[in-house]
Structures are given as structure tokens and as C-alpha cells.
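The values are calculated or read from the model by the stated rules, or taken from the named source; none is laboratory data. Predicted model, so just to flag it, every value in this text is computed and none were measured. So basically every Cβ, Gly included, is an ideal-geometry build from the backbone, and we count neighbours across all protein chains shown.
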Amino acid sequence: MRNVINYYYQMNIENIHLTNGIYYFTYQNQSYLFAPVWRDPFFIQAVFDFTKKNLPYHPYYHEIILTKDGLPYLFIDQKNYALLKTKNLIYDAISFYDLKMLPVEVESSFSTLLRFPWVSLWMEKCDYLEEVIHHLEKKYYTLLPIFYWFLGLSENAIQYVNATLLNGKKTGLDRMVVSHSRIDVKMSVFDFYNPFSIVIDHPARDVSEYLKSLFYHNDYQIEEIEEYLFSLNFSDFGYSLLYGRLLFPTFFFDLCDRFFNDQLDKKELFLLGDRMEEYRNFLKEIYFILRKKTYLEEVRWITRN
């Protein structure tokens, strides 16, 4: 791989090391990584164009380096790779305060990065799960109560966000911002600022996904969450979207994907099933925190039990 990088990026590197499928090296006192990007060329180009226009001097996001042919990726060994000049960031886990709301204009060339609104994708996920259950009901019969509980919660989320989009009123606070395709409280600051994690979305996305990750990892303190939520400056529309997205159990669907692809033991789903009532209480507590800031529609089976 050293010769490949030397040729395609016009670098004369001597030492390179491979860790977990990623190549690391130093060139002219700068640190770099060369890694697979599990995205198509159109998405990679859109990320490059977006970061070039919106984040040219950002102190944290790693910089995408072009090949000698002017491309932001290199197709080799049947995979797309990208070279990143990395920033000097810590490997500590991210916190609430890494969730910065950097507003951006949505241009047609960046439309492939846009994720808002979310409903159509959520409906596809629900339809997919129902289809799997329908065909493999006997095989997964012991997991059916868990599947149907989270599926019902997902349908609540779809209804909630649809109602918000229909009846809510946007303000200047509801501009699209730099967001992330996935957030996990265990991810490092270094990984968080990989540009290939970027999507364009409403500010509610990153906040709600971080909250759900806190719950999934059983690493949350309600008092800390309340303090953070009170520090936000969202519109009423934004708070409603935040709660609606919180209702959608992203972590559950991620586990299902891994389970159906034989990458996860079913005991992990049973462990999540044991926490369904805890998640209902989690949603209930956050609802009443947000009600101190704005009016929110209730999901009565969550808030009144």
C-alpha cells in the first residue's frame, strides 16, 4: 500500500502501519490515514465538495486529500479508499458539547447528504422488519414481543414527526446543520470528526441520537440530560422534532440488521427486551423535561402510565 500512496498521492512515505483495516503514516510532520469508505463515488464527491466549501478552515474535521488525478477517492482492491490529513485530536469519547450546530445552506450538489425529513426512511425500515417477521415468524417467535413493541414505538415516531411537519411552524432556528450519520457515545473525538460521517440535517438529529446512545449503553444521568436540554436554543418545532426522533429506536434497528446478517446473538435482543419498560420511562422523563421549555403533544401510553 505504501507504493500505491506514493504513486497516486505523489508522496514519498517510508513507514506505514495497518491497524483494524486503516493505514496510518506521517508525511512532512503531518499525520494521515488511508481507509476504506463504504460509500459510492457520488457520496464521496459530495462530502469533498461540501467540506471544501463549508469547512475549509474548521479546526477539527480531517481534510480529504485528492489523488494525482483530482479525485477524492481511490478505487483499489474492489473498494473505495480515501486519504485524510488528520487533525491532532484526542481519542477520548465524545460528549454533549461536541454536538455543535453549524448551519449550512443546502445546495443541489449536496442533496445526496440531506437526510431531512426522516419519515420515508423510517417507513422503509418498518416495512422491512414486518416483511422479515412475516416470512420468518416461526423461526423468531420468541423474539416477536420485542419486535412488535419496538415496531409500535417506531410507528408512534412516524406519526409524531408527520404531525410536527404538518402543524408545526419553522423559525430561523430550524436551519439545516452539519450532522452525523451515526453517533455513539463510545466513539472517540478523533472518529467523530471524520468527514465521511457527515450528513445534512435538522439540529434535532445529533441531539436525539446521542440521547438514545446514552440509553443503549446504560450510561445516562437524567440530571445531566436535563442540564444539557435546558442549554439548547431550539424552536417549538425543533423540540417537537427532537422528541419525535427520540421515539424512533435507531439502536433497535441497528441490532436487527446485525442479527439478521448473523453478526449478533439473539441474547442481545433479549437483553434489550428486558429494558423496554426502562426505555418507556426514559422517554417519559425527557418528555416532562422538555415540557418545562415548550408545549409538546403527548404519547399517552408513555406519559400517563
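Could we say that residue 240 is polar (S, T, N, Q) and closer than 22 Å to residue 111 by Cα here? Against the criterion (polar (S, T, N, Q) and closer than 22 Å to residue 111 by Cα), residue 240 does not qualify. Each residue in segment 252-295 was checked for being touching a residue at least 24 places away in the same chain (Cβ under 8 Å) and touching a Lys or Arg at 6+ places or on another chain (Cβ under 6 Å), and 1 of them qualify. Within segment 76-99, residues that are more than 15 Å from residue 62 (Cα to Cα) have Cβ atoms under 6 Å from residues that are β-branched (Val, Ile, Thr) and surrounded by fewer than 15 Cβ atoms within 10 Å (Cβ to Cβ) in no pair, counting only partners at least 6 apart in sequence or on another chain. In segment 107-118, the residues that are surrounded by 14 or more Cβ atoms within 10 Å (Cβ to Cβ) reach residues that are aliphatic (A, V, I, L, M) and in a helix (DSSP H, G or I) with C-beta atoms within less than 8 angstrom, at least six apart or across chains, in these pairs: 110/46; 112/46; 113/46; 113/47; 115/121; 117/161; 117/165; 118/161. Within this structure, residue 200 passes the test of being under 14 Å from residue 118 (Cβ atoms) and either without any contact (Cβ under 8 Å) to a residue 40 or more places away in the chain or crowded, with 21+ Cβ neighbours inside 10 Å (or both).
Please indicate, with yes or no, whether at least one residue in segment 122-139 is under 28 Å from residue 49 (Cα atoms), modelled with pLDDT of 90 or more and in a helix (DSSP H, G or I). Within segment 122-139, one or more residues are under 28 Å from residue 49 (Cα atoms), modelled with pLDDT of 90 or more and in a helix (DSSP H, G or I). Under the condition of being closer than 28 Å to residue 271 by Cα and surrounded by 17 or more Cβ atoms within 10 Å (Cβ to Cβ), the residues counted in segment 162-197 number 6.
Tell me which residues, restricted to segment 95-132, are in contact with a strand residue (DSSP E or B) (Cβ under 7 Å, 6 or more places away or on another chain) and within 28 Å of residue 65 (Cα to Cα).
Answer for segment 95-132, where residues must be in contact with a strand residue (DSSP E or B) (Cβ under 7 Å, 6 or more places away or on another chain) and within 28 Å of residue 65 (Cα to Cα): 101, 102, 103, 104, 106, 110, 113, 114, 115.
Taking the listed residues 16, 22, 65, the one that is more than 19 Å from the chain's Cα centre (by Cα), under 23 Å from residue 182 (Cβ atoms) and of a type in the set (A, V, I, L, M, F, W, C) is 22, with no other qualifying. When restricted to residues that are of a type in the set (Ser, Thr, Tyr) and either in contact with a Gly (Cβ under 6 Å, 6 or more places away or on another chain) or in a loop (DSSP other than H, G, I, E, B) (or both), segment 196-230 contains 1.
Restrict the check to segment 290-297 and report whether at least one residue is buried (at least 17 other Cβ atoms within 10 Å of the Cβ) and in a helix (DSSP H, G or I).
yes
The residues listed here are 247, 269; of these, the one that is more than 20 Å from residue 96 (Cα to Cα), in the same structural domain as residue 168 (by TED's automatic domain parsing), touching a helix residue (DSSP H, G or I) at 6+ places or on another chain (Cβ under 6 Å) and modelled with pLDDT of 95 or more is 269.
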